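For reference, the structure discussed in these notes is given below.
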Amino acid sequence: MSDPKTPFELMMQQAQEMAKAFNPALESFAPREFEKLWPTMPKDFMEFWFGRGMSKDGLDAKTRLLLTLAGLTMQGAQADTPIRMTVRHLIEAGATKDEIAETIAHMSMFAGIPAMTRAMELAREVMEDNKDDEA
């Protein structure tokens, strides 16, 4: 007798089989690698679009991105790609590793320790990758 599967597991298995039939290359598709296709915006470009481009006295791009990271953490750190991409853009915008970590840690008071831990793991991945690029 085979292991009984939940309807969700059966649906996911069927979707995987269908994806393989449509495109066998999807079997080894790695979503994380897809992130590398998106370029990191230069700091000046981020500042124009997300910083003081709209309001001279408004928030700078780094502060806006730190707020974005806080919001993503508050949502339970469930969106891996947006968190990693936000951290990548934060580094480009001049944020330090300590500022990134402090923003995430501060959210533990509101989002809980599991969300903070997950966001910190995702941020560390990016910071470790970035360290390799600097070498």
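The values are calculated or read from the model by the stated rules, or taken from the named source; none is laboratory data. Computed from a prediction, not measured in an experiment: that's the story for all the values here. As a convention, Cβ positions derive from the backbone with ideal geometry for all residues, glycine included, and neighbour counts pool all protein chains shown.
Please enumerate the residues belonging to the range 70-85 that are surrounded by fewer than 22 Cβ atoms within 10 Å (Cβ to Cβ), of a type outside the set (A, V, I, L, M, F, W, C) and closer than 24 Å to E47 by Cβ. Result: G71, T81, P82, R84. I need the helices (runs of 4 or more DSSP H) fully contained in the range 1-77, keeping only those with at least 2 residues that are at pLDDT below 70. So the answer is 31-34.
The number of residues in the range 101-111 that are surrounded by 14 or more Cβ atoms within 10 Å (Cβ to Cβ) and either within 20 Å of N130 (Cα to Cα) or without any contact (Cβ under 8 Å) to a residue 12 or more places away in the chain (or both) comes to 4. Given the condition among the polar types (S, T, N, Q), surrounded by fewer than 17 Cβ atoms within 10 Å (Cβ to Cβ) and in a loop (DSSP other than H, G, I, E, B), answer yes or no: does some residue in the range 92-100 qualify? Within the range 92-100 (the criterion being among the polar types (S, T, N, Q), surrounded by fewer than 17 Cβ atoms within 10 Å (Cβ to Cβ) and in a loop (DSSP other than H, G, I, E, B)), the answer is yes, since at least one residue qualifies.
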